[in-house]
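Asks: First the structure, then my questions, so here it is.
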Amino acid sequence: MFYWLMKYVFVGPFLRRVFRPWVTGMENVPKKGAAILASNHLSFIDSVLLPIELDRRISFLAKAEYFTGKGFKGWAIRSFMLATGQLPIDRSGGKASEAALLTGLGVLRRGELLGIYPEGTRSQDGRLYRGRTGIARMVVEGQVPVIPVAMIDTEKAMPIGSRLPKVRRIGIVIGKPLDFSRFAGLEGDRFILRSITDEIMYELARLSGQEYVDVYASSVKKAAGVPVAR
């Protein structure tokens, strides 16, 4: 109930007035059944604006740091993330990665929509970076289609590090579903997983118009001394 109140009464109407989002390809989102919406990631508000525009509820895998803050600010962020359908995941790797996979598969097995950012972190410079293969494992194990989603100009509306958004129009481009059912049972083949992930990223580059860089965004951030959590 809180999710729908935030979407239709409190947060949704306000954000629509501020950003006046335009959307194309809404017909590509299935009316029912599980699917993964794979999106580029330019701004914190990506995880808020897409759910507001979709008719169905969507759950995003979000970094655990959003849920562990202290004091009033920490409580406010945690409450907001939970109310907008965010699921906390530990991105430290190893067993944490397996737990994130199981969390995502749980959403899919309930027949729901799952939102994933294959890059694993926000782009620091507006370019699109190499995808992590965790999304491919979920696709193959969950046996679900992938709906590519390109967020347009969200980094201009709320740049990394800014506290308040700027009033400007943003866009959402939803592509046609990608079917990887031909790879059923091959979730243990790393070459297949890389091939699936790359196909998703190339489609995101086509939809978004972003320059594609075949390195991980986290590696670029570390080289520049930027915290990967940003």
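The values are calculated or read from the model by the stated rules, or taken from the named source; none is laboratory data. Just so it is clear, the structure is predicted and the values come from calculations on it, not from any experiment. Neighbour counts run over all protein chains shown; Cβ positions are idealised from the backbone, glycine included. Ligands, DNA and RNA are stripped out before the accessible areas are found, and what is left, the full protein with its side chains, is counted by its heavy atoms. Shrake-Rupley method; radii C 1.70, N 1.55, O 1.52, S 1.80 Å.
Asks: Could you give every pair whose Cβ atoms fall below 6 Å, whose first residue belongs to region 170-197 and is without any contact (Cβ under 8 Å) to a residue 60 or more places away in the chain, and whose second residue is open to solvent by 20 Å² or more (accessible area, probe 1.4 Å) and acidic (Asp, Glu), counting only separations of at least 6 or pairs across chains?
Replies: Qualifying pairs under 6 Å: Glu187/Glu141.
Asks: Considering only region 112-230, give the helices (runs of 4 or more DSSP H) lying wholly within it that have at least 1 residues that are under 22 Å from Ala34 (Cβ atoms) and either hydrophobic (A, V, I, L, M, F, W, C) or open to solvent by less than 30 Å² (accessible area, probe 1.4 Å) (or both).
Replies: Per the criteria, 134-142, 190-208.
One line per residue, one yes/no per condition, for (1) open to solvent by 30 Å² or more (accessible area, probe 1.4 Å); (2) more than 16 Å from the chain's Cα centre (by Cα):
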{"residue": "Thr24", "(1), (2)": "yes, yes"}
{"residue": "Ile36", "(1), (2)": "no, no"}
{"residue": "Asn40", "(1), (2)": "no, no"}
{"residue": "Ser43", "(1), (2)": "no, no"}
{"residue": "Asp46", "(1), (2)": "no, no"}
{"residue": "Leu50", "(1), (2)": "no, no"}
{"residue": "Gly74", "(1), (2)": "no, yes"}
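Asks: Here's something else I'd like to know. Please go through region 1-28 and pick out each residue that is aliphatic (A, V, I, L, M) and either over 14 Å from Leu207 (Cβ atoms) or assigned to a helix (DSSP H, G or I) (or both).
Replies: Met1, Leu5, Met6, Val9, Val11, Leu15, Val18, Met26
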